[in-house]
Amino acid sequence: MTAVAIVGAAESDLGVTGRSALELQAQAATRALADAGLTLRDVDGLATAGVGRFAATQVAEYLGLRPAWTDSTFAGGSAFEMYVARAVQAIEAGQCATVLISYGSNQRSARTRSLSGVHEGDVPQTTHEAPYGPLYPISYYAMAAQRYLHQYGRSRADLAQVAVAAREWALLNPRAYRHAAGPLTVEQVLAAPMISTPLTAADCCLVTDGGAAIVLTALDRARHLPKLPVTVLGYGEATATASMSQAPDILDTGAAEAGRRAFAMAALSPGDVDVAQVYDSFTITVLLTLEALGFCEPGRAGDLVKEAGPGGAFPLNTTGGGLSHCHPGMFGLFLLVEAVRQLRGECGPRQAPGAEVALAHGTGGILSTHATVLLGADRG
């Protein structure tokens, strides 16, 4: 097997940019390549999603690329962790040498987000769910949250603590959308407008513009490039159900299988992880994911996240996450960018001390798709 490393990582402009999705992708891609000491001429592999039906083709054309390998698998927010696995496999197989993984969305500027899902064709959502008028996707996550609180005897304050920790990190990150908003308390989260019981507006991710990109290549080559290589130690994925009505247990998400496969490949355990970047579309997503990945026992994540903020024993979502940093539709690639920066020691006041192993876990759909990536600093 060929060891593969991430050699470049960057974000585009964030917030409300007025730029197109392709412009944001191009910004992120060229910044990530510059970070790697490479150029677009070096790219022969491309993975991307979110730009029309033929995302890789659209982005390749916009960037002037003619790649030998592409992937545009659409799996929601977990797709980008899946792309890391595919990129490693493609580089190992000799299909390409330098893979660019990119994403961009102008969701906030374009005002494209809809609260209600549109279900087409003969699918379970059309028959069993749409007649009840759920808000998509929050009503589904709210049902999972309601079930979680009931099953484990926890309170809404456990959910709120996730948002509080995220805001604490955002206050250390000048690029975070909520950086200037000031601290957030559990009481403020609980008092925020109720959107779908038990989730308030403060339990929900942001809606912003933004793009991100990472660059991967073989480790032996990476060691001759400017930045510290970040090696891919392990990866795993799992796909559960597309619709909530078909889930045998709405708290059994598939994240456990994804994490178990990644840890087995890396020959690591949750206790080896120094910093975690976990998809936080909603506060409940974080609690379910941490438990599924084995960081704590079921029903105990509310206790763990009390140590998730700056200075705590469990650094989590150190940008401020989707709750306070940015969330342009799909957040999975931003998790990887921050994981790389943490392992390089580039995060200034939000740096997790002694970070040698990082975890990034993406979630897509309505707790439908799950992918875990474990990364390590190559200090060789």
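Would you mind telling me which residue in Thr73, Thr285, Thr126 has the biggest mean-square fluctuation in a Gaussian network model of the chain, where springs connect alpha carbons within a distance under 10 angstrom?
Of the options given, Thr126 has the highest mean-square fluctuation.
If the viscosity is 0.692 mPa s and the temperature 37 °C, what Stokes-Einstein diffusion coefficient in µm²/s follows for region 124-202 when Rh is the Kirkwood radius over Cα pairs?
233 µm²/s
Would you please put 218-230, 337-349 in order of how densely packed they are, using the mean number of other Cβ atoms within 10 angstrom per residue and starting with the highest?
337-349, 218-230
Quick one: 3J(HN,Hα) in Hz for region 209-224, Karplus 6.51/-1.76/1.60 with θ = phi - 60°, rounded, Gly and Pro as x.
Running phi through 6.51 cos²θ - 1.76 cosθ + 1.60 with θ = phi - 60° gives 7, x, x, 8, 7, 9, 10, 10, 7, 5, 4, 5, 6, 4, 5, 9 Hz.
If I take every Cα pair under 8 Å that is 6 or more residues apart in the chain, average their sequence separation and divide by the length, what percent do I get for the relative contact order?
The normalised contact order for the chain reaches 26 percent.
Over the alpha carbons of region 1-128, what is the largest minus smallest coordinate on each principal axis, giving the biggest first in Å?
Rounded to whole Å, the extents work out to 47, 35, 22 Å.
Given Cα pairs under 8 Å that are at least 6 residues apart, what percent is the relative contact order of region 104-244?
It comes to 26 percent, rounded to a whole number.
What are the ³J(HN,Hα) couplings of region 84-96, residue after residue, when phi is run through the Karplus curve with 6.51, -1.76, 1.60 and θ = phi - 60°? Round to Hz, x for glycine and proline.
Residue by residue, region 84-96 yields 4, 4, 5, 5, 4, 5, 5, 5, 4, 7, x, 6, 7 Hz.
Mind checking the log10 I(q)/I(0) for region 44-85 at q = 0.31 Å⁻¹? Debye, one equal scatterer per Cα, no solvent, two decimals.
Values, matching the q order: -1.11.
Tell me, what is the FRET efficiency for Asp303 and Ala191 to the nearest 0.05, using R0 = 30 angstrom and their Cβ-Cβ distance as r?
0.85
Using a 7 Å offset from Cα along Cα-Cβ at Ala267, what residues in region 217-252 end up with backbone N under 14 Å from the label point?
Hits in region 217-252 for Ala267 at 14 Å: 233-234.
Report the per residue volume, in Å³, of the convex hull enclosing the C-alpha atoms of region 230-283.
In region 230-283, the Cα hull volume divided by residue count equals 117 Å³.
Going from the alpha-carbon gyration tensor of region 166-224, what semi-axes, largest first and in whole Å, does one get by taking the root of 5 times each eigenvalue?
35, 15, 11
Which value, in Å to one decimal place, does the Kirkwood hydrodynamic radius take for region 244-369 when every pair of different Cα atoms is included?
Across region 244-369, the inverse of the average 1/r is 14.8 Å.
Give me the distance between the Cα centres of region 340-364 and region 93-113, rounded to whole Å.
Using only Cα atoms to place each centre, the spacing works out to 21 Å.
Using the basic label-point model (7 angstrom from Cα toward the beta carbon), what is the Gln246 to Gln95 distance in nanometres?
Going by the 7 Å Cα→Cβ label model, 2.6 nm.
Towards the positive end of the charge dipole of the chain, with charges on Cβ (+1 Lys, Arg; -1 Asp, Glu), say which of Ala313, Ala242, Ala110 has the farthest Cα.
Value computed over the given set: Ala110.
Taking the Cα centre of the chain as origin, sum charge times position over the Cβ atoms of Lys and Arg (+1) and Asp and Glu (-1), and report the length of that vector in debye to the nearest 20.
660 debye
How many angstrom separate the Cα center of region 36-69 from the Cα center of region 306-328?
30 Å
Along each of the three principal axes of the Cα atoms of the chain, give the extent in whole Å, ordering the values from largest to smallest.
Over the chain, Cα extents along the principal axes are 53, 47, 40 Å.
Given Cβ point charges of +1 (Lys, Arg) and -1 (Asp, Glu) and nothing else, what value in debye, to the nearest 20, does the dipole of region 50-187 about its Cα centre take?
For this selection, approximately 420 debye.
Give me a comma-separated list of calculated 3J(HN,Hα) values for region 335-348, in order, Karplus coefficients 6.51, -1.76, 1.60 applied at θ = phi - 60°, integers in Hz, x for any Gly or Pro.
Coupling constants for region 335-348: 4, 5, 4, 5, 4, 4, 5, 5, 5, 7, x, 9, 9, x Hz.
Since every read-out is calculated from the coordinates, none of them should be taken as a lab result. Every value quoted in this text rests on a predicted model; they were computed, and no experiment measured them. Quick reminder, even Gly has a Cβ in these numbers, built from the backbone with ideal geometry, and neighbours come from all protein chains shown.
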